[in-house]
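Every read-out reported here was derived from the displayed coordinates using simple, explicitly stated rules and does not represent laboratory data. Since this is a predicted model, take the numbers as computed values, not measurements. So basically every Cβ, Gly included, is an ideal-geometry build from the backbone, and we count neighbours across all protein chains shown.
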Ligand code: NAD
Ligand code: UDX
């Protein structure tokens, strides 16, 4: 093996949901390493530097404490990308890789333009050898393209490219980073490659036991990330498929999840039936996997995975349709309260949230929607709805009418008090599983709502018997009458 480089300066390009928390934890656990996180988005960097820790750009339990410990000591946020690249021995690339919205692969392939930009900038700035780590989720064999760009300058600088995808889940990011099931590193099977892998292993070893650091070839590491997300999403779509059958037959999907989850071969996690999975990763990564399979002429494999996304579209649509059907076939002019907008609890992230798709379908029927979410801003909710007007994807929503932002604003109201959101509502829909919803005074809510008072619990978090007793008309996912 070549000499293993000891890392003293790390740069991370991209200060988002992955770059921010991951680098904050590396800085916290490695006080001897300077960690410099850079981003093109000045507002985001200003927010990371805000003295008021409530203003960090990301809401994530435990994050503020970690930032408070390391920021100003060995953790720095700035927009000076070139300086950070120049100073670092190891560079993480944590930029976004959304689904392409144009050209070849539109609606399926990952858009790698931000990754390419990083590679070109690193190639231009670097004056000495560097280890480049793909932290973003990337299609298999992206490292090859990175290598081509990085080594195109002919200035003699050498780059070792590693893949170390991130497995944190939002809402539990700090816990996942402090105690990861595993960190994964893919590297080249050469002496140089092995030395580069060891440099990164040494960084992670500051808090992660060696047996929890898995090393593989680069291609396996890249494809492991897509595969992990596909398997997790597949479990949610599988239990959601069964939820539809439960509603027809009178079986209870939560009882089924408990029964099958006891089988150690199946396991209990990721069997919670819901209004549909959201988040920036599952749909994007599966579509990317499907695109890769079609590219490699594997149509049967592509169709198999695509069905996971189609089932998720169906689940969101089923929920909206059920609201309209139950409210006597129209929600026009009716007040529908939404509890929750984030794609899951304990995050302010709304990317691909089921709530916006359900809202969009109800708005098509001219419902009046009143939203309460403990962490998502009004600005974000309107931005999501506006974005959806021109970026509808999925078999049930593609044909929808395009509404202007003024029309949307005339029909949607955002509340900071959940009781006001539900006051005189025809129906309440629960879209996110925030814990505080369980603690509400549901009798008070019942008295304030119009009758019959409908509740559509898209997360099965409120005790159905209690709501039945109070007089609500209750609809749960996967619970037959
Ligand atoms: P994000 O959009 O929150 O953050 C990405 C940041 O990169 C943005 O702030 C953007 O301004 C910045 N950026 C883009 N191009 C840049 C450039 N050339 N120079 C400097 N900054 C640039 O995205 P994210 O959620 O952090 O995801 C990043 C990657 O990690 C994606 O590939 C995603 O699939 C993957 N991932 C995300 C999660 C998650 O929970 N969000 C988990 C695991 C993996
Ligand atoms: C996911 C992966 O879990 C994580 O490993 C990867 O790094 C990024 O993508 P994330 O999207 O942040 O993480 O959250 P996750 O907990 O996976 O939930 C995704 C969606 O599935 C949420 O909308 C959640 O509500 C839904 N879900 C999850 C269910 O509906 N039922 C479940 O049982 C689990």
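Some observations on this one:
- Volume of the convex hull of the stretch 380-473 (Cα atoms only), normalised per residue: 131 Å³.
- Cα pair count fraction exceeding 45 Å, expressed as % - the chain: 16
- Extents of the stretch 106-180, taken as max minus min of Cα coordinates on every principal axis and listed largest first, are 43, 34, 18 Å.
- For the stretch 9-208, the equivalent ellipsoid built from the Cα gyration tensor has semi-axes of 25, 20, 17 Å, listed from largest to smallest.
- Placing dummy labels 7 Å off each Cα toward the beta-carbon, the span from residue 390 to residue 158 is 4.8 nm.
- Taking all pairs of distinct alpha-carbon atoms in the stretch 176-216, Kirkwood radius in angstrom: 10.4
- In this structure, residue 9 and residue 377 have a Cβ-Cβ separation that, at R0 = 30 Å, corresponds to a calculated FRET efficiency of about 0.30.
- Helix-only CD estimate at 222 nm, as mean residue ellipticity for the chain, using -39500 (n - 2.57) per DSSP H run (n ≥ 4): -13500 deg cm²/dmol
- For the stretch 183-247, alpha-carbon Rg and Dmax in angstrom: 17.5, 58
- Net lengthening on full extension, residue 211/residue 87 (0.36 nm per residue, minus Cα-Cα): 41.5 nm
- Longest to shortest principal axis, alpha-carbon extents of the stretch 229-476, angstrom: 56, 45, 33
- Model label points for residue 141 and residue 438, set 7 angstrom from Cα along the Cα-to-Cβ axis, are 4.8 nm apart.
- Sorted ascending by nearby beta carbons within 10 Å, beginning with the fewest, 137, 390, 469, 99 become 390, 469, 99, 137.
- Taking 343, 454 and counting other C-beta atoms within 10 Å, the order from fewest to most: 454, 343
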